[in-house]
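Q: Would you mind keeping the following structure in view while I ask a few things?
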Amino acid sequence: GLKKVVARKRFLSLEQRLHRRYEKVDRVIRNNTNITRLYGVGKCELDLENDPYYDGQKTLYIISDYVDGGSIEYKTEDGKYAIRDDITQKDIYPIYQNILNGIEEFHKADLIIKDLKLRNILCSFDHKTVLIDDLETVSHINDIQEGLRHTQHTERYMAPEVIIDPKNYSKKSD
């Protein structure tokens, strides 16, 4: 009979990919105080019988740092984005400095965030705790430039060079 050589590849579940991504980030930037930490990933089946979007499947969840103020930016009832009312002009510089400290740690490790936006920045009500969150898109710069890492991102926050070609991601793109 005809013999054919084939390749077999095992695909990781979303849960495994999330865990692996956060582990990579955690190993490299473990001690940075401006980046959310992942404590666990799991699945649960919620009792959402009245939720029209619930499809009966188990829901993936992550356990990470909690920040009482939540995201800096939120979506209003009319679908527009706004900055939290408690953040004033005098608060912006220290918040921004904390964000830059977090970005610097990623870049020292040759990691690119790729989806850095105000909705992914958590800030406490007293404005002292500022964390970069939603790290599923973080990739090593070499993986991106070699075309090995493709992830979702938010187009309205993308650098123009990345819109042209995703391989153009660099530290400057963040």
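The values are calculated or read from the model by the stated rules, or taken from the named source; none is laboratory data. Quick caveat: nothing in here was measured; it's all calculated off a predicted structure. Positions of Cβ are backbone-derived with ideal geometry, glycine not excepted, and every protein chain shown enters the neighbour counts. Side chains included, ligands, DNA and RNA excluded: accessible areas come from the protein's heavy atoms. Shrake-Rupley method; radii C 1.70, N 1.55, O 1.52, S 1.80 Å.
Q: Sorted by accessible area (1.4 Å probe), largest first, how do VAL41, VAL162 line up?
A: The residues order as VAL41, VAL162, largest area first.
Q: Take the residue pairs LYS80/LYS114; LYS117/LYS171; LYS128/LYS167; LYS90/LYS128; LYS128/LYS171 and return only those whose Cα atoms are more than 24 Å apart.
A: Result: LYS128/LYS167; LYS128/LYS171 exceed 24 Å.
Q: Could you tell me the calculated FRET efficiency between ASP26 and LYS90, based on Cβ-Cβ distance and R0 = 35 angstrom, to the nearest 0.05?
A: 0.60
Q: What is the sum of charges, Lys and Arg at +1 and Asp and Glu at -1, for the other residues whose Cβ falls under 12 Å from the Cβ of ILE121?
A: -1
Q: Turning to a different aspect of this structure: Could you work out how much longer the chain between ASP143 and LYS171 gets when fully extended? Use 0.36 nm per residue separation minus the Cα distance between them, nm to one decimal.
A: 8.8 nm
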